[in-house]
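Note sheet for the following structure.
No value in this document is a laboratory result; all are computed from the given coordinates. If you're wondering where the values come from, they're calculated on a predicted model, not measured in any experiment. Please note: Cβ atoms are built from the backbone with ideal geometry, for glycine as well, and neighbour counts cover all protein chains shown.
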Amino acid sequence: MREASLVEIIQMQADFAPHSRLVFEYAEMFDTTRPIKAAKLLRILQEVHGIWTSGKFSFRKVPYQISRDGIVAALKVVCSKKLDLENHNYLIKVLIGISEQETEKRNIEEEQRLKKKEASLQSGIRPGETVRVTSEVPKAFKEFFKGK
């Protein structure tokens, strides 16, 4: 069992690249009173791996979405505190804060994109449509207004 856990831990390390050292530093924070056993280390890494690969987690039945950069930032915050951890709650709280910031930023960007699209539609320009602006008056206009 121990050897199988160690093999899985080693294989999982590649999934965290280039931040595997940071993830393992976080996992070592669970080594509070005695050396962490391979099975516990594997469980901790699997839990982090789930968030890492999916970019999703939930807390109190509320789903959250977070970027890989957000996860890295949260791990850096937690690791900088040098705490003795018993569970992922502190990491989850930091992840929630970063996730909410990212969601707010995405919402603002989407709102700006929609406003820009609305403005272009109101001006008569369709998305992807090229409008050529020239200073020349079309010949048909000149002839039309010439007779008046």
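The table for this structure:
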| read-out | value |
| --- | --- |
| Using a Förster distance of 30 Å, the FRET efficiency for residue 103-residue 53 (Cβ separation, nearest 0.05) | 0.95 |
| Residue 83-residue 33 pseudo-label distance in nm [points 7 Å out on the Cα-to-Cβ vector] | 2.0 nm |
| 29 Å Cα-Cα reach of residue 93 towards lysines, excluding residues that sit fewer than 8 places from it in its own chain | 37, 40, 56, 61, 76, 81, 82, 105 |
| Bins of 10 Å, starting at 0 and running to the largest distance - Cα pair percent for the chain | 9, 27, 21, 11, 9, 8, 6, 4, 2, 1 |
| Within the chain, helix-based [θ] at 222 nm, where runs of 4 or more DSSP H residues each add -39,500 (n - 2.57), nearest 500 | -21500 deg cm²/dmol |
| Nearby lysines by direct alpha-carbon distance to residue 139 (threshold 29 angstrom, same-chain neighbours under 8 apart not counted) | 148 |
| Between 0 and 90°, nearest 10: helix 2-15 axis offset from the chain longest Cα axis | 20 degrees |
